[in-house]
Amino acid sequence: MNVLSKAHAQELDANDSLAHFRNEFHLPVIDGKQTLYFTGNSLGLMPKLAEKYLQEELEDWKNWGVEGHFHARRPWMPYHEFFSESLSKLVGAKPEEVVVMGSLTNNLHLLMVSFFRPEGKRTKILCEAKAFPSDQYALASQLRYHGLDPKEHLIEVGPREGEHHIRKEDFMAAIDAHGEEIAMMMIGGVNYYTGQVMDMKHLTAYAQNKGITVGWDLAHGAGNIDIKLHDWNVDFAAWCHYKYINSGPGATAGYFVHERHHGKADIPRFEGWWGHDKETRFEMPETFKPIPTAEAWQLSNVPVMAMAPLRASLDLFDKAGVENLRAKSRKLTGYLQEVLEFVAEESGSNFEIITPVEERGAQISLLVHGYGRPLFDYLMEHGVIADWREPNVIRMAPVPLYNNFEDIRAFGEILLNYLKAQQA
Ligand SMILES: *Cc1c(COP(=O)(O)O)cnc(C)c1O
């Protein structure tokens, strides 16, 4: 059967036990046309419940004023705690190891205050080449903050000549070669550009074995792939909630600190009152007493309005189940791969899939030699929302909570039409 046949996609959708979750989201309609949305890796769609939850907080503020801290439907005082259980399942942690707070880059900096502590010969940071720009700035500025020159103290591992993704053994070789000089390894768990999933379990153990502290940026991992931060013994991690976790633009982010670092007095930390012991917080004692969980890294009382949409999204993850979502995600992305291969063959086109099949989550990145921007503009005109990275990469991520097989089929047809017209 033709992979682009409607009947085939319809059958795949009919057999999808998670198909009904699509109705829980607002799918963008632009210029009167329902879009084919493939940018859940950039900004996840809005769960319908988000509006209700946000409205409830506004009403409680209206009705209770300051008393809402205790009497709101979800009291604001412990508000961040309502997320821990659900969120911990998305990153494989204990509830007391995860906290919703701030933004991703903020949290990375705060965590590095504790976990990047250059000392003696151990002064370097190991990361991936061409990391997401914000991570590059964060790492370089952390080094400079400690009086260290990034040119000398940032070790970057990149793809080999002619390859697109980074080999695990090349990270291991860098650890072998420089292990004694590396204080911290901080890498994106899923590369934002190629979609490559790193072997976090193995690399964490390999680096820690050489005395290196290990952190992961899970911006493209959380809500996308299987993660077991606790079992992998990861030291710390941070991620955002507006990509695969569908909590809205600039949504309040999340972080993880492994329990073996909890309740320790000898970890330097930037402190704030929301990290202080809950029993005595309002006695306002002079001395900071850290909460014996990851909450010790919290600074401020929580932005309730900014956090309400996250509750809506986590409800859906809880209902669907992380493993079911992952299973559907594999099928969706597998189908996208099939469609792309079919289209390449039918059209005689030479675009390249640069995401490794064996190491991927939802995303597939396409290198479209020679088509460039006109192809992307054509897709946009036909209602396909994908993500364009200069000079010639299109990133697409079908998301199991709201994308379906028909989205992918329809996209394949549009792409094929364009490429065929180019050959004519
Ligand atoms: C999306 C993303 C960011 C964005 O950082 P913010 O602080 O949320 O603006 C940072 N790092 C990576 C790897 C990302 O994918």
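The values are calculated or read from the model by the stated rules, or taken from the named source; none is laboratory data. Everything quoted here is computed from the prediction, not taken from an experiment. With ideal geometry, Cβ positions are generated from the backbone for all residues, glycine too; neighbour counts draw on all protein chains shown. Ligands, DNA and RNA are excluded from the accessible area calculation, which covers all protein heavy atoms including side chains. Shrake-Rupley method; radii C 1.70, N 1.55, O 1.52, S 1.80 Å.
Tabulated data
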read-out: Breaking point among (1) away from the ligand (no atom under 16 Å from the Cβ); (2) under 25 Å from Ile354 (Cβ atoms); (3) in contact with a Ser or Thr (Cβ under 9 Å, 6 or more places away or on another chain), for Asp135; value: (1)
read-out: Scan of the stretch 328-363 for residues that are open to solvent by 20 Å² or more (accessible area, probe 1.4 Å) and closer than 20 Å to Asn23 by Cβ, ordered by number; value: Lys331
read-out: Some residue of the stretch 185-194 being of a type in the set (Gly, Ala, Ser) and touching a residue at least 60 places away in the same chain (Cβ under 8 Å); value: yes
read-out: Pair list, Cβ under 7 Å, 6 or more apart: the stretch 263-283 residue touching a residue at least 24 places away in the same chain (Cβ under 8 Å), other residue of a type in the set (Ser, Thr, Tyr); value: Ile267/Ser114; Pro268/Ser114; Arg269/Ser114; Gly272/Ser300; Trp274/Ser300
read-out: Selection from the stretch 249-278 of residues that are surrounded by 15 or more Cβ atoms within 10 Å (Cβ to Cβ) and within 12 Å of the ligand (Cβ to nearest atom); value: Ala251, Thr252, Ala253, Gly254, Tyr255
read-out: Number of the condition not met by Ser114 [criteria: (1) more than 15 Å from the ligand (Cβ to nearest atom); (2) among the polar types (S, T, N, Q); (3) open to solvent by 10 Å² or more (accessible area, probe 1.4 Å)]; value: (3)
read-out: Within the stretch 35-93, helices (runs of 4 or more DSSP H) holding 2 or more residues that are within 21 Å of Trp273 (Cβ to Cβ) and open to solvent by less than 70 Å² (accessible area, probe 1.4 Å); value: 68-71, 81-91
read-out: Cβ pairs under 7 Å, 6+ apart, first in the stretch 117-139 and open to solvent by 10 Å² or more (accessible area, probe 1.4 Å), second hydroxyl-bearing (Ser, Thr, Tyr); value: Lys130/Tyr193; Phe132/Tyr192; Ser134/Thr105
read-out: Subset of the stretch 216-239 that is in contact (Cβ under 8 Å) with a residue 60 or more places away in the chain and outside any loop (DSSP other than H, G, I, E, B) - its residue that is nearest to Phe317 (Cα to Cα); value: Trp239
read-out: Residues within the stretch 311-356 that are of a type in the set (Phe, Trp, Tyr) and closer than 23 Å to Gly162 by Cα, tallied; value: 1
